[in-house]
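Bear in mind that the values in this text are calculations on the coordinates, not laboratory data. Given the structure is predicted, the values throughout are model-derived calculations rather than measurements. As a convention, Cβ positions derive from the backbone with ideal geometry for all residues, glycine included, and neighbour counts pool all protein chains shown.
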Amino acid sequence: MCHLDLPGRDRKLPRPSVSALGRSVGIPTRWFRFLALLGVCLSLLARAQGGSQSGGTIPDTPPVKKLPTEAILVKGAWPGASDSVTPVPEGGSILHGVYVNQYFGLSYRLTPGWSEKYSGPPPSDSGYYVLAQIRPENTSQGTRRGTLLIAAKDLFFAPPPAENALELMNQTARNLEADYRVERLPSEVRISGRSFVRFDYGSPAAELHWRVLATEIRCHMVEFVFTSRDTELEESLIEQMNQMTLPSEADVTLGTGGGDAPVCIKGYASGENVLEEVDPVFTERRFNPVPVRIIFDKQGKVKHIHFLSAFPDQEKAIADALSQWRVRPYLRDGRPLEVETGIMFGRAPGPMTPMRTKPATQ
Amino acid sequence: MRTSRLSWAIGFFLAFVFAGMALAQTDPGVRPGAINGQAGATQTSPLPLVSVSGDNPAGSLEFFENGLARFQEVEVVANGANNGLGPRFNLNQCSGCHAQPSVGGSSPASNLQFQVIANGIVSGSTNTIPSFITANGPTREARFPFFLNASGSPNTGAPNGGVEDLFTVSGRADAGSCSLEQPNFSMAEEANDIIFRVPTPVFGAGLIENLDDSTLIAVQNAAAGNSFGISGTFNHSGNDGTISRFGWKAQNKSLEMFAGEAYNVEMGISNEIFPQDRPLPEEDQQGSGLPASCLNLSGTGYPEDTTNFAPTISSSDPFARNASIPSDVVAFAMFMRLLAPPVPSPNTPGGSGPIARGRALFNAIGCATCHTPTISSTQPSNFTPSLGKSPVNAFSDIEIHHMGKGLADNVSQGGAGGDQFRTAPLWGLGQRIFFLHDGRTTNLLTVIEDHASSGSEASQVEENFDALSPEQQQDLLNFLRSL
């Protein structure tokens, strides 16, 4: 029987590293020995169990392909897009210590020594995005510990309905549960020259403090959520946000596109604005909400479709239908502009949200 | 040389120091004391809801006890009192798997699946115990996420995900000439194409069944403003489109559906909801189905479990006669429906203060965003008063959430994808042994850690747990084991 002396896997046991101790203290060697022994044992086990339960191993057969471990191969409702070029909200990434999101036109330089360990889940069917989850790489005791969650809520779909980021943040503050204590009511601040709403709260029980800073970009509330026991750390991180690059539209109430981005208007593809319309035909009864963002070009034709959360057959049905849509071109100062809007297909998750009160055409 | 020894010494010293710190917070383990926190409950006699204990309405207690008895019946293939087992199955008794801390619970400490040959339930000449079934490991069902091709490689173009029953009746004296092979588990293991599920406890299940959709949606909307990166959704019944709620992926709509599926899939007994004997997914895919020699082994025709039109019982109690009329599936469902939820301990483990602090921490760091401590109220009940207008302290929002690569099992059920799972109800957690959908651990610290991985909605909450002091983490663990 192969006996493995497994190195301690306890999550709380810091692994001494070269940088922490000045030089190697032999743990890597122990791991190397362990891995080598593990390999030998596994190969012996594999040989010992070579005969399968029905029929045994056939000589000269190709090697068995293995499914990868820790991979999501079978996806449920998942995000997708009609093309791979147009940026989408969940398409941001961290490169060379900078979180860059082309869709939102923002770039945020991470604090040195911070990185993303785990990427977020796919967008939800209520329009919620986890864009990045950032934390110190060294999380051993004594480290100034905290996390930064960068998230976005699509104001076309997010419950509860809200006209803008300021209103949504105020709702969050009003609905804060009794476990928390408000440390600063939502109020406007300037970050990197743009308007943000800041809301602070804490948990006396957990001795944790949350600092939420949000603005509106392309009809999304984009929020930066700092969590730490260390409020000084949080303040320094907030200060660093001033180095962030943001689009000119970023504003707590007026982040409705424009500039390089399409204008975003809730409910634009409805009523008299729709000139030609074909409903998608879903062949499977799935009962899920299917939120979709659409960019119409200056002629009112569909330029891009972003499926926040859809099954493949739903994507195809919606894409086939939307390709036949035409809406009234959006005009500003007499000039046609690209317009981005949202449509909820499938089953709406909650009460219908009020239309954005903004003139559709000028 | 001397420097090297010094480095080793420092390394070991630090390892001991930090190991000591790590040990500062530990899972207290299975909570001792009253089963389900209920005075009078025993391993074989869990308590019914309060109103059922008072036999309100008249006859309900009889139905509960009848269902409880049937839940513990040992099934055989033929020629016995309880026929229909197989031709493939995972065990021969509901309570063999749903056993901890009492009938209706989850995996017991001693795994009866490991003992099926020794106990004469299956023939050792035709069956082997799969490697993943161990003497003191969890009771499990196995699934292959994808069909395997002839060479043993998984065909990712052919999703499977169905239950691969562990054992066959072949070789049993009551199984005639039925000859079946077990699924090729070693091949699936070699291809990393196998996942496991452990039994879900069914305490308080009637309360979950009686939650109205609008109540669940309100809970979902109330959680929408969270700062933890969480946003779940619901699985739905393909039949009527309403929220489904039982099983690891909330794939089953009702307790009767849940019971009917389990009777058919886990024990191979056809019933009024699933009226045919069930082949393996591979046998269905290949178009062969079960061989004729393995059909109708009970000799009774189908379904093997039916309504008892003319029960023959000796009791003069009319309610006893009534309770014996429904099929096993209906009786199982009624037992689960009328089974009382566990009662948390106010002071064990660790005392009332730490438990109260742990509960506050549970809420504060975001656990409660999904593990909703209380859903306000069930709809009125036509079964028994305790099921109606009652709070449901299940610590679950009944939503399905993305749990990331670390927990993904790549099985799709209804609207749930390969990494989506129902928020596991935590009531009764304190006396459970095995955790997570596959029973991979008995340690709550590992459970919490495994909530974080790429693609998981719970990574941020796990970070918040890490940010707590060791004492706070211990309080939270004590709270969890008090449930």
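Given a Förster radius of 35 Å and the C-beta distance between A:Thr139 and A:Lys66 as r, what FRET efficiency does 1/(1 + (r/R0)^6) yield to the nearest 0.05? Don't jump to the answer; show the numbers that get you there.
Details: r = 32 Å, r/R0 = 0.90.
The pair A:Thr139/A:Lys66 has a calculated efficiency of 0.65.
Nothing charged except the Cβ atoms of Lys and Arg (+1) and of Asp and Glu (-1): what's the magnitude of the dipole of chain B about its Cα centre? Round to the nearest 20 debye.
Numbers: 23 positive and 43 negative charges, 248 e Å.
The dipole magnitude comes to about 1200 debye.
Give me Rg over Rh for region B:219-351, both radii from the alpha carbons and Rh done the Kirkwood way, two decimal places. Spell out each step's value before the answer.
Numbers: Rg = 20.7 Å, Rh = 18.6 Å.
Here the Rg-to-Rh quotient is 1.11.
Rg(Cα) of region B:395-450 divided by 2.2 N^0.38 Å? Before the final figure, lay out the partial values.
Details: Rg = 11.6 Å, N = 56, 2.2 N^0.38 = 10.2 Å.
It is 1.14.
Could you please tell me the mean projected area of the C-alpha convex hull for the protein assembly as shown, averaged over all directions and given in square nanometres to one decimal?
Working: hull surface 157.3 nm².
The directionally averaged projection comes out at 39.3 nm².
In square nanometres and to one decimal, what's the mean projected area of the convex hull around the Cα atoms of region A:78-146?
Working: hull surface 22.7 nm².
Average projection, Cα convex hull of region A:78-146: 5.7 nm².
List every residue whose amide H lies under 5 Å from the amide H of A:Gly346, counting only residues 5 or more places away in sequence or on a different chain, with H placed 1.01 Å from N in the peptide plane.
Sorted by chain and number, the residues that satisfy this are A:Val290.
Decide, for chain B, between rounded, prolate and oblate: order the square roots of the alpha carbon gyration tensor eigenvalues as a ≥ b ≥ c, take rounded if a/c falls under 1.5, and otherwise choose prolate if a/b is larger than b/c, else oblate. Mind dumping the intermediate values first?
Numbers: a/c = 1.72, a/b = 1.25, b/c = 1.37.
It is oblate, given that a/c is not under 1.5 and a/b is not larger than b/c.
Mean shadow of region B:260-331, computed from the convex hull of its alpha carbons, in nm²?
Values: hull surface 22.1 nm².
Here the figure is 5.5 nm², rounded to one decimal.
For the pair B:Thr156 and B:Asn347, what calculated FRET efficiency results from E = 1/(1 + (r/R0)^6), where r is the Cβ-Cβ distance and R0 = 41 Å, to the nearest 0.05?
0.20
For an R0 of 41 angstrom, estimate the FRET efficiency from the Cβ-Cβ distance between A:Ala178 and B:Ala24 and round to the nearest 0.05. Don't skip to the end; give the middle numbers.
On the way: r = 29 Å, r/R0 = 0.72.
So, using R0 = 41 Å, E works out to roughly 0.90.
Exposure proxy check: B:Lys389, A:Lys153 ranked by fewest other beta carbons within 10 Å?
B:Lys389, A:Lys153
Considering the alpha-carbon set of region A:131-240 alone, what are its Rg and its Dmax in angstrom?
Rg and Dmax of region A:131-240, Cα atoms, are 14.1, 43 Å.
So what's region A:209-320 giving for Cα Rg divided by 2.2 N^0.38 Å, two decimals?
Details: Rg = 19.1 Å, N = 112, 2.2 N^0.38 = 13.2 Å.
Normalised by 2.2 N^0.38 Å, the Cα Rg of region A:209-320 equals 1.44.
From the helices alone, meaning DSSP H stretches of at least four residues, give me the mean residue ellipticity at 222 nm for the protein assembly as shown, per-run term -39500 (n - 2.57), in deg cm²/dmol to the nearest 500. Provide the component values of the computation, followed by the final result.
Working: 21 runs with 199 residues, N = 845.
Roughly -7000 deg cm²/dmol at 222 nm, from the helical runs in the protein assembly as shown.
Over 17 Å apart: what share of the alpha carbon pairs of region A:261-346 falls there, rounded to a whole percent? Walk me through the numbers before you get to the answer.
On the way: 1584 of 3655 pairs.
Above the 17 Å cut-off, region A:261-346 has 43 percent of its Cα pairs.
Over region B:183-286, one equal point on each Cα, no solvent: what is log10 I(q)/I(0) by the Debye formula at q = 0.12 Å⁻¹?
Normalising to I(0) and taking log10 leaves -0.60.
Go through region B:133-144 residue by residue and turn each phi into a ³J(HN,Hα) via Karplus (6.51, -1.76, 1.60, θ = phi - 60°); whole Hz please, and just put x for glycine and proline.
For region B:133-144, the Karplus-derived couplings read 9, 10, 4, 10, x, x, 6, 9, 10, 10, 9, 9 Hz, x marking Gly and Pro.
Take the Cα pairs of region B:442-481, get the Kirkwood Rh, then feed it into Stokes-Einstein at 20 °C and 1.002 mPa s and tell me D in µm²/s.
Working: Rh = 10.5 Å.
The diffusion coefficient I find is 204 µm²/s.
Find which of A:Ser140, B:Thr348, B:Phe246 sits farthest along the positive direction of the dipole of the protein assembly as shown, computed with +1 on the beta-carbon of Lys and Arg, -1 on that of Asp and Glu, about the Cα centre.
A:Ser140
Note down the net charge around B:Asn347, summing +1 for each Lys or Arg and -1 for each Asp or Glu among other residues with Cβ under 14 Å from its Cβ. Numbers along the way, then the final one.
Details: positive: B:Arg31, B:Arg357, B:Arg359, B:Arg481; negative: B:Asp475.
Net charge around B:Asn347: +3.
Could you check how many percent of all C-alpha pairs in region B:339-483 are farther apart than 24 Å? Write down the numbers at each step before the final one.
On the way: 3559 of 10440 pairs.
Value for region B:339-483 (Cα pairs over 24 Å): 34 percent.
Are there cysteines in chain B with no other Cys C-beta under 4.7 Å, and if so, which?
B:Cys94, B:Cys97, B:Cys367, B:Cys370 - these cysteines have no disulfide-compatible partner (Cβ-Cβ under 4.7 Å) in chain B.
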